[in-house]
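Below is one structure, written out as structure tokens, with a few remarks after it.
The values are calculated or read from the model by the stated rules, or taken from the named source; none is laboratory data. Everything numeric here is computed off the predicted structure, so don't read it as measured data. Neighbour counts are summed over all protein chains in view; Cβ atoms, including those assigned to glycine, are modelled from backbone coordinates with ideal geometry. Note: accessible area is taken over every heavy atom of the protein model, side chains too, but ligands, DNA and RNA are not part of it. Shrake-Rupley method; radii C 1.70, N 1.55, O 1.52, S 1.80 Å.
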Amino acid sequence: MPLSPDEQNRIEAAVIAAEKRTSAEFALVVADAADDYDAYPILWAALLALVTGGAIAVLEPGLGLKLAFAAQAMVFLVAGLLLHLPVLRPFLAPASVRRDEAAKLARLQFAALVQERTQGSAGLLLFVSLAEHHVEILPDRAIAERIPEAAWREIVDGFVTQMRASQLADGFVTAVERCTAILESHFPVEPGDRDELSNRVTLI
């Protein structure tokens, strides 16, 4: 579990405190990974097997065809099993693929949890995908109309730094506080303001 119960409670308290300062609503999501990347272990194992065959042909040209094939098959099987470990699979995909998959999942979560789900469309998603070290802040329509996308960039960069340092809970708390400092002047608390989105971190 990426967050302990105490850490989840601390983040929830930070969201509750933030929503006493602004009418904007926060939604927080943590994904272990944006994709299973199942195809990449097979591709890399096949590549290693081909390289093994080429190396045998150059270095041991006298080795029998059956032995060469057996060596390639062994490399393919062992590499396929090792590279299929969940902790390794994301690193086998190109960085651009990892970014695209994480961004795609962030937008799916935004549509499911935030988009047009608050009065005045003033919701904000803080999304983290751990395997890709990916952080996004996605605002709903009213926030996007008043606050430029560049305003979130420094917050995202700081969050990524804390996540890489295994400070995920601190990253969330800091990001919520910094987002609130931007939001509160544009979206002050209003009479009758309701809590419309969950204050808990959604783990997927």
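Observations on the model:
- Span-rule helices in the chain, defined as complete DSSP H runs reaching 18 Å or more along the axis (Cα) with Kyte mean at least -1.0: 5-18, 39-59, 65-83, 95-113, 168-186
- Theoretical ellipticity at 222 nm over the chain - DSSP helices of four or more residues, -39500 (n - 2.57) apiece, nearest 500: -18000 deg cm²/dmol
- Here the chain has 61 percent of its accessible surface on carbon and sulfur atoms, given a 1.4 Å probe and all protein chains in place.
- Listed peptides 44-56, 76-88 by packing density, highest first (mean Cβ within 10 Å): 44-56, 76-88
- Kirkwood-based shape ratio for the stretch 1-159, expressed as Rg/Rh from alpha carbons: 1.22
- Label-reachable residues, the stretch 179-204, where backbone N falls under 19 Å from a point 7 Å from Asp157's Cα toward its Cβ: 179-182
- Sequence ranges 120-133, 9-22, ranked by mean other-Cβ count within 10 angstrom, highest first: 120-133, 9-22
- Full extension of the chain between Ala111 and Arg164 gives 16.4 nm of extra length, using 0.36 nm per residue less the Cα-Cα distance.
- Segment Ser96-Ala46, length gained on full extension (0.36 nm per residue, minus Cα span): 15.8 nm
- Heavy-atom accessible area per residue - the chain, 1.4 Å, Å²: 54 Å²
- Computed from point charges on the beta carbon alone (+1 for Lys and Arg, -1 for Asp and Glu), the dipole magnitude for the chain about its Cα centre is near 540 Debye.
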